[in-house]
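Worksheet for the structure shown next.
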Amino acid sequence: MFNFDFHNPTQVLFGQGQISALARLVPAGARVLMLYGGGSIKRNGTYEEVRAALAGHTVFEFGGIEPNPTLETLEGAIALARREQVDFLLAVGGGSVIDGSKFVAAALCFDGEPWTIMDKGGAAVQRALPLGVVLTLPATGSETNSAAVVTRRATQEKRAFMSRAVFPRFAILDPSKTFSLPARQVGNGVVDAFVHVMEQYLTYPADAPVQDRFAEGLLQTLIEEGPKALATPEDYAVRANLMWSATLALNGLIGVGVPQDWATHMLGHELTALYGLDHAQTLAIVLPSMLRVRKAAKRAKLLQFAERVWGLRAGDEDTRIEAAITRTEQFFAQMGVPTRLADYGLDASAVDGVVQALEAHRLTKLGEARDVTPDVARQALELAR
C-alpha cells in the first residue's frame, strides 16, 4: 500500500529558527489556511512564530484536527477554504494535522464527494492545493511523503491514499519545538518511526545492502535516542536525531527497490478505527506477534535483524529470533507503549472485530507475499492478547 518511489520534491529546512523562513516560502499574495490540532502550538510558542512570519500574508485558521483525523472534522476545513477562496495550505503540527491537510488539499481540487478519494487509494487525485508544513511532532514522516491516512467516523473506516499532488512544497523541522511534547507522544512517535522502518526492511533478502544498512542505522538510532528523549526532554541533539530519523523512516528512500510489508499497519488501522487506540499503540500490539506468526517466511531477515540491530550472535537460530522479537517488545515498553491488547482493556472480542473489519474492507491478502489472510491476522491478534 505504501510503495513509494523516490520522486520527492519537498524542500526541507532543518534547525532552530527556521520558522522565520515562512515569510519567503509562502507565495506573496497567497490566501493561506493554517491548519493545526488541539492547541499545543499556542502553548509552546510555535503559533506566535508562525503568525509573525506570515504577518505580510492573509491568513485564516482551522484548529481542532484530532489525532487520527476524521472526515467529519476535515469537511469543516474544506468548507472554510472554499468560502474564503484559500489558495495555499499550511499544516502546523504532527502527522495527523499533515495527513488531514493533504486530504483537504486534494479535496479542494477534486470533483465529487471527498471520501471517494480513498476508493482507489488516491489514484483519481490529479491536482491539489499547494501545501507547506511546520512539523512539531516527529513520528509519521508525512512531512516529506505523498501519503495520508484519514478516518471516517460514521463508518469506522481508517483508510489511506497516495498522490504526488500532495507532496508538501516545503517542510520546516525545528527540533526545539518538540521539547514540550508529553511523554506519551514522544514514545508513540519513536514506535511509529521504528515500525515504519520495519515494514520496509523486515521482509526477505533482496540484494539491497545499501537499503538494509540504512534501515538498520535508523533502527539503532531510534533504540539509542528514544529513551534519552524521555530522560532529557530538552536535549536538542537527541530531539534532532529523533526528528530526522522519523522523517527518513518514511520519505521513500529506504523503500526504493525492496519488498514492503505493511500488514501490521493495516491491522493497526482497524484497531484504531474500531477502538480508538493511538496509532503507535496498535503497531506495538501487532508487530511482535506478526513476526512470531510469520517467522518461517521472514526467517532470513529476522536473523539479520537479530545480529545487526540487537547484536545477537550466540545460540541457535530460533533462540536468536525470539530474543530479537522480545528485545523489540521491551523497547516499546521502555518507550511507554505496551504490547498486549489486554494492556488497553481489549479482550477476545477485539480479535473478532478486527478480522471482520479486514474482511469487510477486502484486506484479505496483505504483506510482502500477499499471504497474510484473515486467519493469519487472527493468529497474530490472538497471540497479542
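Take the residues of segment 91-116 that are among the hydrophobic types (A, V, I, L, M, F, W, C) and surrounded by fewer than 24 Cβ atoms within 10 Å (Cβ to Cβ): which is nearest to G187 (Cα to Cα)? Ranking the qualifying residues of segment 91-116, first place goes to W115. Cβ separations smaller than 9 Å between residues 6+ apart or across chains give the following pairs from segment 328-356 residues that are in the same structural domain as K228 (by TED's automatic domain parsing) and part of a helix (DSSP H, G or I) to residues that are among the small types (G, A, S) and exposed (fewer than 14 other Cβ atoms within 10 Å of the Cβ): L341/A348.
For W262, indicate whether it is crowded, with 18+ Cβ neighbours inside 10 Å, of a type in the set (A, V, I, L, M, F, W, C) and over 18 Å from the mean Cα position of the chain (by Cα). So W262 fails the test. Being surrounded by fewer than 24 Cβ atoms within 10 Å (Cβ to Cβ) and either modelled with pLDDT of 95 or more or assigned by TED's automatic domain parsing to the domain that holds L242 (or both) holds for only one residue in R159, R169, and it is R169. Go through segment 153-170 and give me each residue that's closer than 26 Å to W244 by Cβ and either among the basic types (K, R) or not in a strand (DSSP E or B) (or both). Within segment 153-170, S163, R164, A165, V166, F167, P168, R169 qualify. Restrict the check to segment 366-384 and report whether at least one residue is closer than 18 Å to D278 by Cα and assigned to a loop (DSSP other than H, G, I, E, B). Yes, there is a match, as at least one residue in segment 366-384 is closer than 18 Å to D278 by Cα and assigned to a loop (DSSP other than H, G, I, E, B).
Residue-wise test of (1) of a type in the set (A, V, I, L, M); (2) modelled with pLDDT of 95 or more; (3) more than 23 Å from G345 (Cβ to Cβ); (4) outside the structural domain of V150 (by TED's automatic domain parsing).
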| position | (1), (2), (3), (4) |
| --- | --- |
| G252 | no, no, yes, yes |
| P259 | no, yes, yes, yes |
| W262 | no, yes, yes, yes |
| M266 | yes, yes, no, yes |
| E270 | no, yes, no, yes |
| A280 | yes, yes, no, yes |
| L283 | yes, yes, no, yes |
| V286 | yes, yes, no, yes |
| R294 | no, yes, yes, yes |
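Considering segment 1-60, the qualifying helices (runs of 4 or more DSSP H), each wholly inside and each with 1 or more residues that are within 20 Å of R239 (Cα to Cα), run over 40-43, 46-53. Condition check for A297 on (1) closer than 30 Å to K120 by Cα; (2) within 24 Å of the chain's Cα centre (by Cα); (3) assigned to a loop (DSSP other than H, G, I, E, B): one failure, at (2). Among the residues of segment 312-327, those identified as surrounded by 15 or more Cβ atoms within 10 Å (Cβ to Cβ) and assigned to a helix (DSSP H, G or I) are R320, I321, E322, A323, A324, I325, R327.
When T247, T203, T221 are checked against the criterion of being out of contact with any strand residue (DSSP E or B) (no Cβ under 8 Å at 6 or more places or on another chain) and assigned to a helix (DSSP H, G or I), a single residue qualifies: T221. Taking the numbered list (1) within 20 Å of the chain's Cα centre (by Cα); (2) farther than 30 Å from L381 by Cβ in turn, K228 passes all entries but (1). Of the residues contained in segment 292-311, none is found to be of a type outside the set (F, W, Y), touching a residue at least 12 places away in the same chain (Cβ under 8 Å), within 26 Å of P67 (Cβ to Cβ) and surrounded by 14 or more Cβ atoms within 10 Å (Cβ to Cβ). All conditions but one from (1) closer than 14 Å to V190 by Cβ; (2) within 19 Å of the chain's Cα centre (by Cα) apply to V238; the one that does not is (2).
The values are calculated or read from the model by the stated rules, or taken from the named source; none is laboratory data. None of the values given here were measured: they were computed from a predicted structure. For neighbour counting, all protein chains shown are included, and Cβ atoms are generated from backbone atoms with ideal geometry for every residue, glycine included.
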